[in-house]
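Okay, structure first, notes after.
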Amino acid sequence: MRTILMYFLILVIFRVMGKREIGELSLLDLVVYVMLAEMAVVVIEDPKRDLWEGFVPMATLTLIQFILAYITFKNRKLRLFLSGKPSIIIAKGKIDEQVMKRLRYNFDDLMMQLREMNVYNLTDVEYAILETSGKMSVIKKKDAEETPLSLPLILDGEIIDENLDNIGATKEWLLKELEIRGYGPISSISYCSFEKGIFRVDWIDGQ
């Protein structure tokens, strides 16, 4: 009965937290899921423990996860601190070994993940991005013109300076271009990207 109850409790908690595949879990998600499983095991293995000794900490952990999810949704800096950010391993066909060194990511890891994307030759890669989940996203050279790398220049009302550097642009240029097109203050923009001379802009609700 304990096993059945804990099974359905964990199932409900995972459903409430939202659907995600294993490969899409962030480090924070993984820690929470492991802790939930450990709490369930403790209650199942020791019949002398009251069930609430498992329910209460599991509910507390779920509440913490909800609070952090809400805060990080509004705060990009905290989101980056907890979940990290995508890293460009290959840009315009050139491998960035400094980024690999910083991530402690070696060529065996790179080749393995490229093979998982059905890419067997480094010379075929225009861009390779290591996502926060550890999954690799790849744009091949033959697809680069049809699917250019789209870097967000603004996220949640905040200018992403490093992405401006990647496209060889400045903050002054971005502000001027947005003003010419009639867009409001940066704080009111939830997402802005620039590709093939075209801006894609979305607004923050309520602003």
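Data overview
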item	result
Accessible surface of the chain [probe 1.4 Å, protein heavy atoms]: carbon and sulfur percent	58 percent
Size of the chain as Cα extents on the principal axes (Å, biggest first)	67, 47, 27
Net lengthening on full extension, residue 118/residue 51 (0.36 nm per residue, minus Cα-Cα)	19.3 nm
GNM result for the chain, Cα springs below 10 Å: residue of 135, 74, 48 fluctuating most strongly	48
Mean accessible surface per residue for the stretch 98-204, computed with a 1.4 Å probe while every protein chain stays in place, in Å²	62 Å²
Candidates 60, 132, 72, ranked by Gaussian network fluctuation over the chain, Cα under 10 Å, top entry	60
Gain on full stretching of the segment that runs from residue 92 to residue 76 - 0.36 nm per residue minus C-alpha separation	3.0 nm
Proportion of all alpha-carbon pairs of the stretch 1-116 beyond 18 Å (%)	63 percent
Long pairs among 101/171; 171/196; 94/176; 140/196; 85/142, criterion Cα-Cα beyond 24 Å	101/171; 94/176; 85/142
Length gained when the stretch residue 5-residue 202 is fully extended (0.36 nm per residue, less Cα-Cα span)	66.5 nm
The stretch 39-50 - phi-based ³J(HN,Hα) in whole Hz, Karplus 6.51/-1.76/1.60, Gly and Pro as x	4, 5, 4, 4, 5, 5, 6, 10, x, 6, 7, 5
The stretch 101-202 - Rg (one decimal) and Dmax (whole number), Cα, Å	16.3, 48
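The values are calculated or read from the model by the stated rules, or taken from the named source; none is laboratory data. Values in this document were obtained by computation on a predicted structure and should not be read as measured data. Surface areas here come from the heavy atoms of the whole protein model, side chains and all, with no ligands, DNA or RNA. Shrake-Rupley method; radii C 1.70, N 1.55, O 1.52, S 1.80 Å.
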